[in-house]
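The values are calculated or read from the model by the stated rules, or taken from the named source; none is laboratory data. Note that the structure is a prediction, hence the values are computed from the model and not measured. In this analysis, Cβ positions are derived from the backbone assuming ideal geometry, glycine residues included, and neighbour counts consider all displayed protein chains. These accessible areas exclude ligands, DNA and RNA; they are computed on the full protein's heavy atoms, side chains included. Shrake-Rupley method; radii C 1.70, N 1.55, O 1.52, S 1.80 Å.
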Amino acid sequence: MDPEIKREIIMEHYQNPLHRHHVDDKSYDMVNTANSSCIDNLNIYIKYDGDVIKDIAFEGEACAISISSTSIMIENLIGKTREEALNIIDNFENMINEKEYSEDVLGNAVVYSDIYKQNSRKSCAFLPYRGLREALTKKDNGKS
Amino acid sequence: MNREDFPMLEEDIIYLDNGATSLKPKCVIDKTVEYYSKYSANAHRGDYDISYKVDQEYEGTREKVAEFLNADSEEIVFTSGATDSLNMIATGFFAPLIEAGDEILITTSEHASNVLPWFRLQNEKGAIVKYIPLDSNYHVTLDNVKKMVTPNTKIIAIAEITNVIGDVRPIKEICKFAHENNIFVVVDGAQSVPHKKVDVKDLDCDFLAFSAHKMYGPTGLGILYGKKELLENLNPINLGGGMNESFDSPSEILLKDIPTRLEAGTPNIASVIAFGSAIDYLNKIGMDKINERELYLRKYLIDKLIKIPYIDIINLEADSGIVSFNVEGIFSQDVAFYLNKYKVCVRAGNHCAKILKNATKVTNSLRVSLAFYNTESEIDTLVELLSNKDKIVKEML
């Protein structure tokens, strides 16, 4: 993908992030995800319909990379099963760590394929995925 | 000034994060290497020549620090950092002394290291932590201290200079008032001792804590100053080698005198010895000259920053090298990443002052913290980079 197009997608999701709002609905699970080395700090809300992720929303304060990455992730994950979602998270993690990954499951998230060049930004891009993985795994264990 | 003394300044960077840690002059680096290559023995042995040399150097630094602060050398304890010092003070001295309902005054602009040890006294001993209100510039005034003091106030624990606001607190006046009311004063000197003359006798503070690495010295070393009669009553948190005179059974333990009693285990010998060179170096330049230079640089920066309409300066008034600000509409961390692309090192975040947002209503910011070796031209580069908001937005990713 052309770097300028990547940039535009990231900026669009940073300036107009999707699903960024508070959720006050007990049918949603909530997970907090924060980077210890910086100040990114997000709450992510997830609503399931059986095995399927029906809705995700987020709120909080974070940098442009974290916010845009969260928005893009949510856009991609709504409607997916838990297993599909975990697979997407694994692939995203592989991508930012320069390992083999499957581009076709990532949707717009491939805009971060060059993020490995900025080490300090990798954790920003991965922040929402880390939170969601925690939430999904918890759900698997029947804890939530 | 004195840039040629700092090997790090030969690197292609503009280092403006001196509040986090300072760069080290060559004499400090050389002294570290000298210890490891010429007399690398343990301290407090003295049975052979190189060990005797270690003792001389190690205790020599203690004397230099004492002289630097106008204290007595037995009042100087080597710790692992300002954090360690403050925890020793809170846990070793005050925890046994404090009673439920006793009040501890701090401020919302303190660093975590001067907040959490006091929170612990609240959680574990039933003490009550209260906040001295900050004025409209987020400064501490003696009047506001007076307003908060009650018959239950036992401790005032505040930084002399805070790490985000950079205001200089009237410590001398606060100590005078506190002592008239039987209140102890603990001073966090992490941001002040490296940048201005601090005379503990003149201030009359009871305890002072600071770190070597923020004052051009090595990492892993801090100083705890305490008045002699108070240090005598500070319980050692660590027991072990080097701090005991003799022991036969749990009821027969004889400890050494202060300050050795408070330095259990093999100390950070290399850093202590190298810190002696840092003190010599600072004395050679002169603390007043350092302070004057840093205040000049601050004014130079503020005069330029203030002209950029979308920059909000949080601490317009402060007599230190700390300038905190935000670029309107852009998350501080994104600005820091942008500056990093031009090798400009600044800090973004809450700077460990996590309750300051209650006063400033700003949750995070960029912080420039200047040292005497920074230059007008470095500041010009910073300001030029900040002068084009479109460029920041375009290049922050």
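For the range B:313-326, the set of residues classified as surrounded by 15 or more Cβ atoms within 10 Å (Cβ to Cβ) and of a type in the set (D, E, K, R) consists of B:ASP319 only.
Looking across the range A:36-55, the residues that are farther than 22 Å from A:LYS122 by Cα and open to solvent by less than 40 Å² (accessible area, probe 1.4 Å) come down to A:TYR45, A:ILE46, A:TYR48, A:ILE53, A:ASP55. Screening A:SER27 against (1) more than 21 Å from B:HIS351 (Cα to Cα); (2) at pLDDT below 90 leaves a single unmet condition, (2). For the range B:327-349, filtering for residues that are in contact with a helix residue (DSSP H, G or I) (Cβ under 7 Å, 6 or more places away or on another chain) and surrounded by fewer than 20 Cβ atoms within 10 Å (Cβ to Cβ) leaves 3. Filter the range B:350-365 down to residues that are within 13 Å of chain A (Cβ to nearest Cβ) and charged (D, E, K, R) and give me whichever is surrounded by the fewest Cβ atoms within 10 Å (Cβ to Cβ). Only one residue fits best here, namely B:LYS357. The criterion of at least 1 residues that are basic (Lys, Arg) and at pLDDT 95 or above is met by the following helices (runs of 4 or more DSSP H) wholly inside the range B:262-380: B:269-285, B:287-305. Could we say that B:VAL187 is in the same structural domain as B:ASN114 (by TED's automatic domain parsing), closer than 22 Å to B:ALA278 by Cβ and buried (at least 23 other Cβ atoms within 10 Å of the Cβ) here? It is true that B:VAL187 is in the same structural domain as B:ASN114 (by TED's automatic domain parsing), closer than 22 Å to B:ALA278 by Cβ and buried (at least 23 other Cβ atoms within 10 Å of the Cβ).
Of the residues making up the range B:229-259, those that are surrounded by fewer than 13 Cβ atoms within 10 Å (Cβ to Cβ) and either among the small types (Gly, Ala, Ser) or touching a Pro at 6+ places or on another chain (Cβ under 6 Å) (or both) are B:GLY240, B:GLY241, B:SER246, B:SER249, B:SER251. Can you tell me which residues in the range A:115-126 are open to solvent by less than 60 Å² (accessible area, probe 1.4 Å) and not hydroxyl-bearing (Ser, Thr, Tyr)? Within the range A:115-126, A:ILE115, A:GLN118, A:ARG121, A:LYS122, A:CYS124, A:ALA125, A:PHE126 qualify. Within the range A:4-24, being of a type in the set (A, V, I, L, M, F, W, C), part of a helix (DSSP H, G or I) and over 14 Å from the mean Cα position of the chain (by Cα) holds for A:ILE5, A:ILE9, A:MET11. Note on the range B:1-55: residues that are of a type outside the set (Val, Ile, Thr) and part of a loop (DSSP other than H, G, I, E, B) amount to 23.
Does B:GLY226 satisfy the condition of being open to solvent by 10 Å² or more (accessible area, probe 1.4 Å) and modelled with pLDDT of 95 or more? It is false that B:GLY226 is open to solvent by 10 Å² or more (accessible area, probe 1.4 Å) and modelled with pLDDT of 95 or more.
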